[in-house]
């Protein structure tokens with residue numbers, strides 16, 4: 001089949017990454033998936049011997065990434081699609097959360113993704129084809145109290161994705177920021193890093209948010225298998241979008257944010273315009 005592709009997907013051990021990898025393999029594609037332990041590697045490769053290839057790699061080990069990607073391409077073949085999926089959520093108000101936690105959040109969600117991009121992009125550019133899919137979040141457009149570090153990381157990846165897409169478009173390389181809403185994964189469960197609460201003043205804000213997030217865990221609207229179907233439609237498109245939201249919750253919340261921003265801009269338009277040299 002001429003439409004078979006080779007995917008490199010980071011973080012395939014669980015959640016959306018696992019769904020993306022399994023969906024691509026089931027559709028006949030070849031998948032190179034990164035995992036952080038050898039047991040997960042064996043499990044994935046057993047799905048489709050010869051088409052499911054696991055690489056033990058932590059995306060925060062920046063120095064190891066170029067060699068791992070080059071080795072994978074040499075052994076499996078040119079990478080048609082990079083899916084930067086590896087990431088995690090951090091919960092904690094800014095005043096209570098350390099700068100080290102912010103660095104770790106950005107190391108995984110931003111710097112690791114960029115390191116992967118820089119490893120695959122030269123050969124995509126030389127071949128004049130390829131698709132980079134950066135898994136962001138509706139939290140890369142909207143914000144919620146208590147996940148400021150996560151929001152910051154996803155806002156950053158959204159901006160990098162959009163600018164990168166403009167840089168590489170002349171080379172036939174597409175870039176899409178894939179922004180899911182709430183999906184039935186472990187993002188808000190064991191996978192989330194939570195800073196211990198310490199300042200009582202924030203109880204009124206954080207207590208209901210933390211309780212609500214835990215109550216929604218396992219009851220989210222999004223189906224990971226359907227997210228995988230959407231990914232396959234995305235990479236098959238002749239003119240893929242720069243941004244693709246997954247889930248009615250993402251569409252609704254982002255639309256509300258845009259309308260609120262428009263209203264705020266209109267209310268302050270005179271002040272905005274007053275700063276021009278006339």
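The values are calculated or read from the model by the stated rules, or taken from the named source; none is laboratory data. Predicted, not measured: the structure shown is a model, and the values here were computed from it. Note that we place each Cβ from the backbone using ideal geometry, even for glycine, and neighbour counts take in every protein chain shown.
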### Task
State whether the residues of the range 138-155 include one that is under 11 Å from the mean Cα position of the chain (by Cα), more than 30 Å from residue 203 (Cα to Cα) and part of a helix (DSSP H, G or I).
no
### Summary
Among (1) touching a helix residue (DSSP H, G or I) at 6+ places or on another chain (Cβ under 6 Å); (2) farther than 17 Å from residue 184 by Cα; (3) at pLDDT 95 or above, residue 231 falls short only on (2)
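Looking at residue 55, is it in contact (Cβ under 8 Å) with a residue 24 or more places away in the chain, touching a strand residue (DSSP E or B) at 6+ places or on another chain (Cβ under 7 Å), under 28 Å from residue 233 (Cα atoms) and assigned to a strand (DSSP E or B)? Give the derivation first.
Details: in contact (Cβ under 8 Å) with a residue 24 or more places away in the chain: no; touching a strand residue (DSSP E or B) at 6+ places or on another chain (Cβ under 7 Å): yes; under 28 Å from residue 233 (Cα atoms): yes; assigned to a strand (DSSP E or B): yes.
So residue 55 does not fit the description; no.
Would you mention how many residues in the range 69-105 are part of a helix (DSSP H, G or I), in contact with a helix residue (DSSP H, G or I) (Cβ under 8 Å, 6 or more places away or on another chain) and either without any contact (Cβ under 8 Å) to a residue 40 or more places away in the chain or over 26 Å from residue 234 (Cα atoms) (or both)? Let's see the steps before the verdict.
Filtering the range 69-105 for residues part of a helix (DSSP H, G or I) gives 69-76, 94-96, 99-105.
Cutting the leftovers down to in contact with a helix residue (DSSP H, G or I) (Cβ under 8 Å, 6 or more places away or on another chain) gives us 69-70, 73, 94-96, 101-102, 105.
Checking which are either without any contact (Cβ under 8 Å) to a residue 40 or more places away in the chain or over 26 Å from residue 234 (Cα atoms) (or both) leaves us with 94-96, 101-102, 105.
Adding up the residues that qualify gives 6.
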### Pick from the range 30-50, criterion more than 16 Å from the chain's Cα centre (by Cα) and touching a residue at least 40 places away in the same chain (Cβ under 8 Å), ranking: surrounded by the most Cβ atoms within 10 Å (Cβ to Cβ)
32
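Listed here are the residues, each with its yes/no results for (1) touching a strand residue (DSSP E or B) at 6+ places or on another chain (Cβ under 9 Å); (2) surrounded by 12 or more Cβ atoms within 10 Å (Cβ to Cβ); (3) in a loop (DSSP other than H, G, I, E, B).
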residue: 177; (1), (2), (3): yes, yes, no
residue: 197; (1), (2), (3): no, yes, yes
residue: 207; (1), (2), (3): no, no, no
residue: 228; (1), (2), (3): no, yes, no
residue: 231; (1), (2), (3): yes, yes, no
residue: 240; (1), (2), (3): yes, yes, yes
residue: 251; (1), (2), (3): yes, yes, no
residue: 257; (1), (2), (3): no, yes, no
residue: 265; (1), (2), (3): no, no, no
### Task
For the range 194-209, indicate whether the set of residues that are within 26 Å of residue 134 (Cα to Cα) and without any contact (Cβ under 8 Å) to a residue 12 or more places away in the chain is non-empty.
no
### Query
Looking only at the range 90-127, which residues are farther than 23 Å from residue 161 by Cα and crowded, with 17+ Cβ neighbours inside 10 Å?
91, 92, 93, 97
### Message
On the basis of being modelled with pLDDT of 95 or more, crowded, with 20+ Cβ neighbours inside 10 Å and over 18 Å from residue 130 (Cβ atoms), does residue 67 make the cut?
### Response
no
